[in-house]
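Just below is one structure, and these are the notes that go with it.
No value in this document is a laboratory result; all are computed from the given coordinates. If you're wondering where the values come from, they're calculated on a predicted model, not measured in any experiment. Cβ: placed from backbone, ideal geometry, glycine included. Neighbour counts: every protein chain shown.
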Amino acid sequence: MEQGFEKRRKVVYDLMCDSLYVPMKFKELAMLLQVPKEQRDELKKVLESLEADGKIYLSKRGKYCRGEAKRLTGVFRANVRGFGFVITEDENADVYIREEDTNGAFDGDQVEFVLTREAKGRSREGKIVRIIARGVTRIVGLYQRRDPQNYGFVIPDNQKFARDVFIPIEKSKGAVDGHKVVAELTSYGEEGKKPEGRVTEIIGHINDPGTDIMSIVKGYGLPVEFSEKILNQAERAAKDVSEADMAGRKDLRGWQMVTIDGEDAKDLDDAVSVTREGDNYILGVHIADVTNYVQENSAIDREARERGTSVYLVDRVIPMLPHKLSNGICSLNAGTDRLALSCIMTVNPKGVVIGHEIAETVIHVDERMTYTSVKKILEDRDPEETARYRELVPMFERMYELSRIVRGRRQRRGSIDFDFPESKLVLDEDGRPLEIRPYDRNTATKIIEDFMLLANETVAEDYYWQELPFVYRTHEVPDEEKIRALATFINNFGYSMHIGVNEIRPKEIQKLLARVENTPEEALICRLALRSMKQARYMPENIGHFGLAANYYTHFTSPIRRYPDLQIHRIIKDNLRGRMDEKKIAHYQGILQEITKHSSEMERRADEAERETVKLKKAEYMRQHIGEEFDGVISGMTKWGMYVELPNTVEGLVHVTNMTDDHYDYYEDRYEMAGSHTRRSYKLGQQIRVRVLGVDRLMRTIDFEVVGNAPGRGKTDGEDEWQDDREQ
């Protein structure tokens, strides 16, 4: 049989090598070779074999040509529905890969591919021809034992890894049915076989408290523990501030200043102070001098660089630095001397920074304030809270004044403020969700936000004009195509956006968000606007920040929990101390590209892990409400159903099979029912009432069914006709 296959390969290849051959599509080639329909699958295999050997290639018009197509490389990102995209570093647009063209690639694999379509105005398509390196070497999932056959399977948590992993009994590490495990892949399932692996760690039973979150932690490869060496190094570094430590620093211990954070915050890395000097404000943003305790290339620094960021999960924090530093000597605890890096700004009554100083300082925080407490003083005018902090109240009033001035100026230039209805999950001791409550974004949180943004902009502009190596927080201009799609969508709600020729202004998005404020469709349009924009990232080059409408922006204010901030502090201190010579400049130029790339990747990993833990606990919470009805808003449309978001930010799917017994048609932004007696349409942003059908805790999904309109919304499109038909 193999001899026959090689013979057919030779016939086909010889034909294509003929000088009279012109590139043909598959059907044309089959007709020329007189291949009957029942044997065309064999011809397909012959062509694929020649293509894999680089002897022929499929052109962008779908025609087979002699020679080898230009091969490109990238990282494959799978979709749970089978298809995926290859992300390339040197190209702007991702390349779409059909399910049948993935060639056994898994999410995260580095692949070699050829383009199969590159039509103008349409997305590029490709076909994976070779897997260069596997991106996934271990998976986390649920172990299921097959006792009579004496083997088991791991069902992956990651839905993008669509195949169960076979585990021989001798490689199960004693796992039993229902254990969550980590499995190392030993085979990727070539030649029609299932992937195979061995269990390397048993996380716990699926019903044990904490196993669910730890499975997500392990699934994302988040480091949990610090090595003994790092803990010992942190212990040695975390000594009280001495006179020698304070030498040469600007002494601000006499300044009135506070930290303002959430009630449960422990790593306090920023303090603020505000005084008046004539008509101007003197704003001090004082940031923990973490670099004093974390020396470059030390064990702690290498670990922090690898982690990139602290990770804030629903029930725990995985810190970037050991607690001895993050909650101890680096935390700006009230009543103690602390080393800081301060940005002291002179701000005029119009909110313009007319002068500034960046200095190494020693500070002494007066009070550890909470957002709730400052809100009580400034918004609620609570007499008890005001009396308790009477010495600080005048400074809080100055902060409130300055914050409104600074925010107003930022809004006038077009800064976009995505004020999403975020939620906080309240858990019991065993990690079970008790309540979902909205985050309180009040006057106090806005004060800190405004001051941190201003400090970040000031520091970024200073170092940009010094032309020194630096780390910028950048946000590129969004793709015009995506913004035009957003503009088309919002027309359904009666809104419009002005988009200039080859120019997209953040002010237009800002104006849109202002118009939809306090409307039923606000959350939906805000999310769609955010999805229309690119992700912010760290770069050694300054290209500005579109979302903030800022020409210069960085992250200077959180060195305890973000490595880019720590790196920036190191650069600033070298500069302040006169050490930024040619050798030092070359050193930073050599490392910043990799540091910024890695930090951006670790930030995305942390965000994804956080979202997964929130989804998990929301699903667990809704298990307590199966059968209950809720009002919600249609937040997404797909061919398999529509997503509905509840006021508590829980999102679930109304599967198309749960809409009705009649037939539904899907049209991009709506579903229309075409039954024998009914006509009804569902659209994005529409308010409806749903019932909770079920919850899949493993998949972290919630299923709804429609039971009617939300009260006060009125009729859906087509409901008049529905009622008329029924009455007849």
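The table for this structure:
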read-out	value
18 Å Cα-Cα reach of Lys44 towards aspartates and glutamates, excluding residues that sit fewer than 8 places from it in its own chain	Glu2, Glu6, Asp14, Glu28, Asp53, Glu68, Glu99, Glu100, Asp101, Glu191
Qualifying lysines (Cα of each under 30 Å from Cα of Lys239; at least 8 residues distant if same chain)	Lys229, Lys250, Lys266, Lys324, Lys573, Lys584
Gain on full stretching of the segment that runs from Asn333 to Arg71 - 0.36 nm per residue minus C-alpha separation	88.6 nm
Among Gly4, Gly54, Met24 - extreme Cα towards positive end, dipole of the range 2-66, charges at beta-carbon	Met24
Between helix 480-490 and the chain: long-axis angle, C-alpha atoms, 0 to 90°, nearest 10	90 degrees
Cα long-axis angle, helix 522-531 against the chain (0 to 90 degrees, to the nearest 10)	70 degrees
Per-residue HN-Hα couplings for the range 157-167 [Karplus 6.51, -1.76, 1.60; θ = phi - 60°; Hz; x = Gly/Pro]	5, 6, 5, 6, 9, 7, 10, 5, 10, 6, 10
Degrees, to the nearest 10: 582-622 long Cα axis against longest axis of the chain	70 degrees
Expected 222 nm ellipticity per residue - DSSP helices of 4 or more, -39500 (n - 2.57), all of the chain, to 500	-9500 deg cm²/dmol
Debye intensity ratio in log₁₀ form over the Cα atoms of the range 2-66, taken at each q of 0.23, 0.26 Å⁻¹	-1.03, -1.34
Per DSSP, loop trypsin sites (Lys or Arg not before Pro) in the range 584-659 with at most 10 further Cβ within 10 Å	Lys639
26 Å Cα-Cα threshold exceeded, pairs from Lys171/Lys218; Lys511/Lys617; Lys376/Lys446; Lys171/Lys617; Lys55/Lys127; Lys511/Lys534	Lys511/Lys617; Lys171/Lys617
Cα centre as origin, Lys/Arg/Asp/Glu Cβ charges: the chain dipole, Debye	1820 debye
Contour minus Cα-Cα distance for Gln34 and Lys193 (0.36 nm per residue)	53.9 nm
Reachable aspartates and glutamates from Lys583, criterion Cα separation under 20 angstrom, eight or more residues apart if same chain	Glu296, Glu467, Glu541, Asp574, Glu594
Fraction of beta bridges assigned by DSSP in the chain that are antiparallel (%, nearest 5)	90 percent
Three-way shape call for the range 372-444 based on the alpha-carbon gyration tensor, with the a/c threshold at 1.5	oblate
Whole-Å distance, taken between Cα centres, linking the range 601-626 and the range 1-63	49 Å
Cα gyration tensor category, rounded, prolate or oblate, for the range 138-208 with a/c compared to 1.5	oblate
Chymotrypsin sites (Phe, Trp or Tyr not before Pro) within the range 7-78, DSSP loop, no more than 16 other Cβ atoms inside 10 Å	Tyr21
Gap separating the Cα centres of the range 200-243 and the range 561-592, nearest whole Å	29 Å
Candidate values [x] 33.2; [y] 28.0; [z] 29.7, label of the one derived for Kirkwood radius over Cα pairs in Å	[z]
Point-charge dipole on Cβ atoms (K/R +1, D/E -1) for the range 167-308, about Cα centre, debye to 20	360 debye
Gyration tensor verdict on the range 365-501 (Cα atoms; rounded if a/c is under 1.5, prolate if a/b is larger than b/c, oblate otherwise)	oblate
Loop-located trypsin sites (Lys or Arg not before Pro) in the range 455-538 whose Cβ has at most 15 other Cβ within 10 Å (DSSP)	Lys534
Asn492 paired with Phe418, simple spin-label distance in nm, labels 7 Å along Cα-to-beta-carbon	2.0 nm
